[in-house]
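So the structure is just underneath, and the comments pick up after that.
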Amino acid sequence: MSPKKPALKMSKESLKTAVLGLEGKGRLLLEAASSVENFQIRAVADKDAALAKKLALKYNCTPYDDYRPV
């Protein structure tokens, strides 16, 4: 039998993140990350600028229509 590993402890700091691509799985990731208190959504990016702006308003973050400046 292998020795028992110690339990991992979550940091109280938040992970600042951006979601690139807001269609399909990107939107699912955005919804999931926003529901976890340790994630802080800082930016969203999509080639559809209107979609990026709409979701940035909803999640209180910065919208981009290009991933490179993120």
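The values are calculated or read from the model by the stated rules, or taken from the named source; none is laboratory data. All figures in this text were calculated on a predicted structure; none of them were measured in a lab. Here the Cβ is made from the backbone with ideal geometry for all residues, glycine too, and neighbour counts use every protein chain on show.
Give the residue that is surrounded by the most Cβ atoms within 10 Å (Cβ to Cβ), with candidates limited to residues of segment 30-53 that are farther than 12 Å from Leu20 by Cα and of a type in the set (Asp, Glu).
By that ranking, first place goes to Glu31.
Give me the pairs, please: first residue somewhere in segment 54-68 and closer than 13 Å to Thr17 by Cα, second residue anywhere and charged (D, E, K, R) and not in a helix (DSSP H, G or I), beta-carbon distance under 7 Å, and either six or more positions apart or on two chains.
Cys61/Arg42; Thr62/Arg42
If I ask for residues that are within 18 Å of Lys25 (Cβ to Cβ) and among the polar types (S, T, N, Q), which ones from segment 37-57 would you list?
Listed by number, the list is empty, since nothing qualifies.
May I ask you to verify whether Ala50 is within 24 Å of Glu13 (Cα to Cα) and modelled with pLDDT of 95 or more?
Details: within 24 Å of Glu13 (Cα to Cα): no; modelled with pLDDT of 95 or more: yes.
So Ala50 does not fit the description; no.
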